[in-house]
Each structure stands twice: as structure tokens, then as C-alpha cells.
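> The structure is given below, and queries will be raised subsequently.
The values are calculated or read from the model by the stated rules, or taken from the named source; none is laboratory data. On a predicted model such as this, the values are computed, not experimentally measured, just so you know. Note that each Cβ is placed from the backbone with ideal geometry, even for glycine, and that neighbours are counted across all protein chains shown. Note: areas computed on protein heavy atoms with side chains; ligands, DNA, RNA excluded. Shrake-Rupley method; radii C 1.70, N 1.55, O 1.52, S 1.80 Å.
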Amino acid sequence: MNRDSLRPVGRRKASLTREDKARTREAIVAAAHEQVAADGYASASVVAVARRAGVATGTVYRYFPSKADLFAEVFRRAAERELEVIGALVTAPGPVRHRLAAATEAFARRALAAPTLVYALMAEPVDPALEAERLASKRAWRELFAGLLREGMELGEVAPLDPEVAAAALVGGMQEALIAPPGAGHEALVASLVQFSCNAIRDGNGFRQHV
């Protein structure tokens, strides 16, 4: 006999309702992500998101009190995913300089593959709640790269420096270059950013090395 058949009917219905609610919420978040990735934050009205998710506008508001609340979730998830991907490269085995190069290249390539989303996440005018998420994301990126630089100093692979300041310069430089990329092709831009990141630090003997 199926275990579910032994449960009280009311409990089974409550369980299904929770599952349905979770699926609906995820569909709304996914639709919001797709909308902003396709046409930017300015285009992402609650009506547009509801249409893309296949639900009524009122349904969106049952899960998220405002557009800002919905997109705070979208921004947070997108930032966490990118940090997870780049963080795996930063913490992988190998020389610090090689990991810095790999992380910079991946950061740049992923950003160039989704320019509208990147502009929305990094620079497009947004509500104050989303600006707070944006600042939190920038802090997380700085901490990630600062950790790598601190490790490099501890291992003697990177000359002494202020890791927080250097990480802020690295992350800020990459983001600025990728928000409004110059006329050069993507490959040239990626190569330039990798060179910039690696030339920004010195090895433990005080000599710059190129990758």
C-alpha cells in the first residue's frame, strides 16, 4: 500500500499545495530572470513577468509584495551563481597567478555572453532595494579576490600588498571594462583583462610576470 494513501486527506492536500506553491514561485523567479536577461530591468514589469511565467499578475504579488522584492531575489541568485562558478576556479589547486588568470577569463567570458543581464546586475538604474543587493554582490567579489591575494602572499607567490585595495581595483576594473566594452573584439578584451589582472600583482621576488 502506498504510504501517501495512509496519510489523512487534509495532510496530503496541504503537502501538494506546498509543492504547487514552490513550483509557482520558482516559475515566477525564472521568468523574471529571463525577462531581465533578455531586455533589461526597465523592461521587467510585473505584468511582463506574469505573462512570461504564465500566471496572473495578482499571483506574482501573492509571492512578492513588489517588483523590487522579486528582483532582489533574482539579483541575489544570479550573483550567487556567478560567485560559485568563479569561486571554484579561485580555490582550485595550482599557482595563485594561474588561478587569477583563469578566474578573470571566466568572469569576462561569462559577462560577455550575457551583456544585458550583466548591465542590469552591475550598472542599470534600479530601486534602492536592488542597489543594496548590488553593493552586497560587489563586496562578495572583492572578498573572493582578496582571499586569493592573501593566499598568494602567505605562499610567497605574491609580493606584500593591501589585498582589499588590490581586489577592489581588480574587480572594479573588470566590471567597468565589461559594462561598456570598447570596440575591440571579445577575444582581445578577454586577453587584455587577463593581462591587466596578472600584471597588477608582483611575484614574491618583486618582479612582474606575464602569463
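> What number, in nm² with one decimal, is the all-direction average of the projected area of the convex hull of the alpha-carbon atoms of the chain?
16.2
> Can I ask one more? Averaged per residue, what accessible surface does the chain expose to a 1.4 Å probe, in Å²?
54
> Per DSSP H run of n ≥ 4, the term is -39500 (n - 2.57); total these for the chain, divide by its residue number, and report the mean residue ellipticity at 222 nm rounded to 500 deg cm²/dmol. Walk me through the intermediate numbers first.
Numbers: 10 runs with 158 residues, N = 211.
The helix-only estimate for the chain comes to -25000 deg cm²/dmol at 222 nm.
> Given the options Val165, Val74, Val49, which has the most mean-square fluctuation in a GNM of the chain, springs set between C-alpha atoms less than 10 angstrom apart?
Val165
> Tell me the carbon and sulfur percent of the accessible area for segment 47-142, rounded to whole percent, probe radius 1.4 Å.
Ligands and nucleic acids excluded, carbon and sulfur reach 57 percent.
> Turning to a different aspect of this structure: Could you rank Thr91, Thr17 by how accessible they are, 1.4 Å probe, largest area first?
My answer, sorted largest first, is Thr91, Thr17.
> Let me ask something additional. Can you give me the span-like helices of the chain, meaning DSSP H runs with 15 Å or more of Cα extent along the axis and Kyte-Doolittle mean at or above -1.0?
Within the chain the helices that satisfy the rule are 9-39, 67-90, 96-113, 128-154, 163-179, 186-199.
> Separate question: Of Ala177, Leu144, Ala78, which is farthest on the positive side of the dipole of the chain, counting Cα position, with +1 on Lys and Arg Cβ, -1 on Asp and Glu Cβ, and the Cα centre as origin?
It is Ala78.
> Normalised by the number of residues in the chain, what is the relative contact order in percent for Cα pairs under 8 Å and 6+ residues apart?
Relative CO of the chain lands at 20 percent.
> Further question: Please arrange Met174, Met153 by accessible surface area, largest first, computed with a 1.4 Å probe and ligands excluded.
Largest to smallest exposure gives the sequence Met153, Met174.
> Quick one: ranking Ile28, Ile179 by accessible area, 1.4 Å probe, largest first, what do you get?
Numbers: Ile28 0, Ile179 55 Å².
Order by accessible area, largest first: Ile179, Ile28.
> Shifting gears a bit: Tell me the accessible surface of Glu82 in square angstrom (1.4 angstrom probe, heavy atoms of protein chains only), to the nearest ten.
Roll a 1.4 Å probe over it and Glu82 shows about 60 Å².
> Tell me, what is a quarter of the convex hull surface for the C-alpha atoms of segment 73-155, in nm² with one decimal?
5.4
> Treat each spin label as a single point 7 Å out from the Cα along the C-beta direction, and report the Asp69 to Phe196 distance in nm.
Going by the 7 Å Cα→Cβ label model, 3.9 nm.
> For Leu130, what is the net charge nearby, where nearby means another residue's Cβ is under 11 Å from its Cβ and Lys, Arg count +1, Asp, Glu -1?
Numbers: positive: Lys67, Arg76, Arg134; negative: Asp69, Glu73, Glu124, Asp127, Glu131, Glu133.
Spelling it out: positives minus negatives among the neighbours equals -3.
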